[in-house]
1. Does residue 4 qualify as being surrounded by 10 or more Cβ atoms within 10 Å (Cβ to Cβ) and either modelled with pLDDT under 85 or in contact with a strand residue (DSSP E or B) (Cβ under 6 Å, 6 or more places away or on another chain) (or both)?
2. Which residues, taken from segment 50-62, are in a loop (DSSP other than H, G, I, E, B) and modelled with pLDDT of 70 or more?
């Protein structure tokens, strides 16, 4: 999604440079697109961090075994 936001920023800059945009459209779209780009980047870091935490939780052993003792008659 961040890639699409970057493409939108490039599109807005091209349209604004060409002079074909309605007044106020380019700046508003640029600000909204940068906001969503920031949200997507932050969410990608948060999700990566959560993935690392979950992987560490599920791969950890919940108990240790040192040896076996027979109970009963030997």
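The values are calculated or read from the model by the stated rules, or taken from the named source; none is laboratory data. Note that the structure is a prediction, hence the values are computed from the model and not measured. As a convention, Cβ positions derive from the backbone with ideal geometry for all residues, glycine included, and neighbour counts pool all protein chains shown.
1. yes
2. Within segment 50-62, just 60 meets the criteria.
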